[in-house]
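Undergrad: Right, I'll just put the structure down here and ask away after.
Readers should treat all values here as calculations from the given coordinates under stated rules, not as data from a laboratory. No experiment lies behind these values; they were computed from the predicted model shown. Here Cβ is always computed from backbone atoms with ideal geometry, including for glycine, and neighbour counts include all displayed protein chains.
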Number of protein chains: 2
Amino acid sequence: MSQISINERNTPEQEIGIMKRKISENGTEVVSNGTTKKHKNDVEYFLSYADVELHRTMIEDQKRTNTYRDAIMKGAEKWIKGKVVADVGCGTGILSMFCAQAGASKVYAIEASDIGLHAKKLVEANNFNDVITVLIGKAEDLELPEKVDVIVSEWMGYMLLYETMLPSVLHVRDRYLKSGGKMFPERAVLHMALGETQWITKYEESAFDFWVSLQHLYALDMSILADHAVTKYKDTVHVHMVAQEDIMSFPTVVCDLDLYSVKAEDLAEITHEFSLSSMGNRCLNSLVLWFDVMFPEGVKLSTSPDEEDTHWQNTVLTLPDCRVKQDSLVKGTIKISQDDSYYRHLKLELEYSVDNQEMIRRHFKMDDNCVESDS
Amino acid sequence: MSQISINERNTPEQEIGIMKRKISENGTEVVSNGTTKKHKNDVEYFLSYADVELHRTMIEDQKRTNTYRDAIMKGAEKWIKGKVVADVGCGTGILSMFCAQAGASKVYAIEASDIGLHAKKLVEANNFNDVITVLIGKAEDLELPEKVDVIVSEWMGYMLLYETMLPSVLHVRDRYLKSGGKMFPERAVLHMALGETQWITKYEESAFDFWVSLQHLYALDMSILADHAVTKYKDTVHVHMVAQEDIMSFPTVVCDLDLYSVKAEDLAEITHEFSLSSMGNRCLNSLVLWFDVMFPEGVKLSTSPDEEDTHWQNTVLTLPDCRVKQDSLVKGTIKISQDDSYYRHLKLELEYSVDNQEMIRRHFKMDDNCVESDS
């Protein structure tokens, strides 16, 4: 037997995708020298961002990279040219370099992972030494020598909030953003809709087909493992694209964050009461979540199923199959909170009813395992 | 940005492949009540086997499952019928049930992970309660009530030795196998050959194309990241199928284990001096490893690139590109040893020369990260 394995032959590109998921297991206690004492898993978190392949995936996501670039270039005259910028979690420094190209007078590029060492070399290779200063360390611990006019940051995780990186950006905002300064992005909206997600059904069918087929192949009844596999699958949060046609309601806004005013405390627990009306006679089997972020000058980055795929994909909470009709009403509450054992992971608590029938309660945990299961 | 992500949309089947890789991070010290005190990572190791999807992958590997079944059925009259069997690391219990079908009078099915609880239910569902006894615990810690005629075990990891599960089987052999008893499998051979592995070249090209393309796309020179990515890729052990045509020498036998006589100590460090002669005028870029195991009655399971794919795939050590001619001689030594920090991981030390030119030294570590990167 072999511990970790799949049958498919992966392309090199797929391999790389998989490679990004590795996170060192050597977590040791991190005690910062600044204002924060964070979880030991932060070592793993920052190590994962030290991997160049992860940055390739992010930069290769052209919708992400081009939208940031568009926002910076469209806002160049008004907001960037001659201004001081902080890039929080700069990674390879690509957004900092866009700001330099857009005429920023100074960019502080902040990065806690070792990819920052590469960012330093890239800044040099592109002759931006006089504009960009790469600062290696956690945003909460660094001292900037001056206030900034603009904060640029690509802090969004799966389902917007996974990773809980936004508080680091808000920390820099509160300490260093000048009054009237600009945030890129400046607003973030998390959406949720009803779904009849086809790949859930396909997974279920495939699990049943497989475990039941062993009766025929080997005269063995192993069908109980199908139930077990499906139960486990349905308890897991899935990060995966959902087809546009699998969405079966208008979306509800789970949260709408004004990034000038939102506080880290507001993010620790988000509760939303929803009422979603189904379209058509279908089988509800999921709630589907995605986000949009907005930049100055009307530039928007959307990860909606209606739009081109992004590496964030969609986030799917599976529900017990339920037949609904046109205008069936799905009412309930979703609570998203930081996980007790590690603040970058999320806890999702859901309760809902369909057409005022019995209340259904579902609990999910969004951690690296969940995310690794699909993405 | 998003920590863990790929662009491709995976099929549900691929998702499951990826899902198998998750290993809990909550490792706590394991102190067994028996003869062994093993590493805390064993908690993760056994947790990974608690996942039903991993067992699906193994059982779905028809070459693996059918070869074990063939071996048991072909050996039924002579070795299994009316005999007492131990199945070490039984998983779902499928091999134990094959033995019961083949007429074993008694099967002790030993399993340390929670999948053993499912094995118990499956034994019941298939009415093998009177034949099969599932014992939950580590093989080293369990007391069997009698000696056995046969040991069946599917203990092979990537590159045969990854996971270091064989010593547990040998422990049971030394304590419980009757004199003249049979091992299924009874012999294991690890092979190695020269490779011109095309997907290494493709990965390199793709990394360079991507990082250099940013000059054109964004007027940014990020080419240094290509070197970094390729260096990292080449330092990693890759578990991946290699095409038959990518093999460019006859194989050498790295080790040939007689499972009746081999000792756990023999496995802790294996050193092999090799001399491989290249076929054709090609570019040597890798060493490729695979294994065969042999059962009584001439049944053989081969994971060679010449044969149908298995979930073990092949194991690839990358080498600096080197042009060779027909009959170029690659001479050297490979040492495979258990990793100091965790005995289920492996350390690979290689030194070799091509046509008596300068000696090249390469060190690799084979751990879950390496394996996750490709499989």
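Undergrad: Calculate the all-directions average of the projected area of chain A's alpha-carbon convex hull, and give it in nm².
TA: Its average projected convex-hull area is 20.9 nm².
Undergrad: Explain nothing, just compute: Karplus ³J(HN,Hα) = 6.51 cos²θ - 1.76 cosθ + 1.60, θ = phi - 60°, for every residue of the range B:321-328 in order, whole Hz, x for Gly and Pro.
TA: Result, rounded to whole Hz: 3, 8, 6, 10, 10, 3, 6, 4.
Undergrad: Please compare each pair in B:K232/B:K300; A:K81/A:K138; B:K78/B:K300 to a cut-off of 29 Å on the Cα-Cα distance and tell me which ones are over it.
TA: Result: B:K232/B:K300 exceed 29 Å.
Undergrad: Also: What size of dipole, in debye to the nearest 20, comes out for chain B about its Cα centre when the only charges are +1 on Lys and Arg C-beta atoms and -1 on Asp and Glu C-beta atoms?
TA: 960
Undergrad: Within the set of other residues whose C-beta is less than 12 Å from the C-beta of A:D266, count the net charge using Lys and Arg as +1 and Asp and Glu as -1.
TA: It works out to a net charge of -3.
Undergrad: Estimate the FRET efficiency between B:E358 and B:E273 by the formula 1/(1 + (r/R0)^6), using the beta-carbon distance for r and 25 Å for R0, to the nearest 0.05.
TA: About 0.90, to the nearest 0.05.
Undergrad: List the residues whose amide H sits under 5 Å from the amide H of B:W155, counting only those 5 or more places along or on another chain, with H placed 1.01 Å from N in the peptide plane.
TA: Long-range HN contacts for B:W155: none found.
Undergrad: Please report the orientation-averaged projected area of the range B:231-334, defined via the convex hull of its C-alpha atoms, in nm².
TA: In nm², the orientation-averaged hull projection of the range B:231-334 is 8.0.
Undergrad: Determine the gain in length on full extension of the stretch B:E245-B:S223; use 0.36 nm per residue of separation and subtract their C-alpha separation, reporting nm with one decimal.
TA: This chain segment gains 4.7 nm when fully extended.
Undergrad: Sum up the charges of everything whose Cβ sits under 12 Å from the Cβ of A:C283, counting Lys and Arg as +1 and Asp and Glu as -1, but leave A:C283 out.
TA: Combined, the nearby Lys, Arg, Asp and Glu give -1.
Undergrad: With a sphere of radius 10 Å drawn around the Cβ of A:D235, what net charge do the other residues whose Cβ falls strictly inside it have (Lys, Arg +1; Asp, Glu -1)?
TA: Net charge in that neighbourhood comes out at +4.
Undergrad: How would you rank B:S48, A:S213, going from fewest to most other Cβ atoms within 10 Å of each one's own Cβ?
TA: Fewest-to-most ranking of B:S48, A:S213: A:S213, B:S48.
Undergrad: Measuring from the lowest to the highest alpha carbon on each principal axis, how far does the range A:89-155 reach, largest first, in angstroms?
TA: Sorted from largest, the Cα extents of the range A:89-155 read 27, 25, 21 Å.
Undergrad: Quick one: if the Förster radius is 45 Å, what FRET efficiency do B:D256 and B:E124 give, using the C-beta to C-beta distance and rounding to 0.05?
TA: Once rounded, the FRET efficiency stands at 0.65.
Undergrad: R0 = 60 Å: FRET efficiency of B:E308 with A:K178, Cβ-based, nearest 0.05?
TA: With R0 = 60 Å, the Cβ-Cβ based efficiency is 0.35.
Undergrad: Students often get this wrong, so check it: of A:K202/A:K234; B:K234/B:K365; A:K202/A:K325, which have C-alpha atoms separated by over 18 Å?
TA: Listed pairs above 18 Å: A:K202/A:K325.
Undergrad: Please give the Cα centre distance for the range A:196-275 versus the range A:96-147, rounded to the nearest Å.
TA: 39
Undergrad: I've got another one for you. Describe numerically, in nm with one decimal, the distance between label points set 7 Å from Cα along Cα→Cβ at A:D327 and at B:D209.
TA: 5.4
Undergrad: Could you give the radius of gyration (one decimal) and Dmax (whole number) of the Cα atoms in the protein assembly as shown, in Å?
TA: In Å, with Rg to one decimal and Dmax whole: 27.9, 88.
Undergrad: I've got another one for you. In what order do A:C90, A:C322, B:C283 fall by count of nearby beta-carbon atoms within 10 Å, going from fewest to most?
TA: In increasing order of surrounding Cβ atoms, one gets B:C283, A:C322, A:C90.
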